[in-house]
1. Hey, for a label at VAL182 modelled as a point 7 Å past Cα toward Cβ, could you say which residues of segment 5-41 have their backbone N under 16 Å away?
2. Which value, in Å to one decimal place, does the Kirkwood hydrodynamic radius take for segment 56-105 when every pair of different Cα atoms is included?
3. Which value results for Rg/Rh of segment 9-118 when Rg is the Cα radius of gyration and Rh the Kirkwood radius based on the inverse mean 1/r?
4. Could you tell me which helices of the chain pass both thresholds, a Cα extent of 20 Å or more along their own axis and a mean Kyte-Doolittle hydropathy of at least 0.0, with helices taken as whole DSSP H runs?
5. Kindly state, to the nearest 0.05, the FRET efficiency for ASP34 paired with LEU191, given R0 = 22 Å and r defined as their beta-carbon distance.
6. Across segment 4-184, how many lysine pairs separated by 8 or more positions, or lying on different chains, have Cα atoms within less than 22 Å?
7. As a test of the definition: which semi-axes, in Å, follow for the chain when you take the square root of five times each eigenvalue of its alpha carbon gyration tensor? Largest first, please.
8. For LYS143 and ALA81, compute 0.36 nm times the residue count separating them, minus their Cα-Cα distance, and round to one decimal in nm.
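Every read-out reported here was derived from the displayed coordinates using simple, explicitly stated rules and does not represent laboratory data. What you are looking at is a predicted structure, and each value in this text was computed from that prediction instead of being measured. Note that each Cβ is placed from the backbone with ideal geometry, even for glycine, and that neighbours are counted across all protein chains shown.
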Amino acid sequence: MKPRTLEIIRDEHSSMAAMLQSLRLMVKQGPGDDPKGFFEVLRAMLFYIDEFPERLHHPKETELLFPRVVKAVPELGVAVARLDRDHEYTEQAVRDVHQMLVAWEMLGDSRRQEFQETLTRYINVYLAHMQLEEQEILPAAQKHLTEADWEELDAAFEENRDPLTGKYQPDPVFEQLFTRIVRDAPAPIGLGGG
Ligand SMILES: [Fe+2]
Ligand SMILES: [Fe+2]
């Protein structure tokens, strides 16, 4: 039996990894001859990250999944402590990245490098974070958690799934945002440039 929670987490990680790769690619390509569209879609992507993974995915891991895993496998305490610190870091970092993007847009290229360095660090931490979860935490959870654990976890993870995994209907208030990201961002997340 494969718990729904683990599938949902892996799906959300895949869509997040695709989003981060598209972000990296867009920034590497630069604004070209459409700075307005470029900054708009980057802002939409960062806003999305703040709304979904940061507000919904991470809290469910930190509050519901990790404590159960540490209880069942205390040796994973060190890894979980690191993952919890990453959650705190990325929550703040995505807002810093957003602020630096606005600085680049408003003040020009003198602020580009600072933005790029901060974004690169953010992306690297994020990818390593998801890898650690997938290699250490999810397999341990699958092996050691009980039916009762999964019932509670599945209910919580089902409740706010990430619409950008492509498997769920987005909330209408976000529909426009997703349409724009998918239309304008480069692959792998979108159909636009690149
Ligand atoms: Fe996480
Ligand atoms: Fe995660």
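1. 12, 15-16, 18-19
2. 12.2 Å
3. 1.07
4. The answer, listed by residue number, is 35-51.
5. My answer for the efficiency is 0.90.
6. Taking segment 4-184 as the scope, the lysine pair count is 5.
7. 32, 19, 12
8. 20.3 nm
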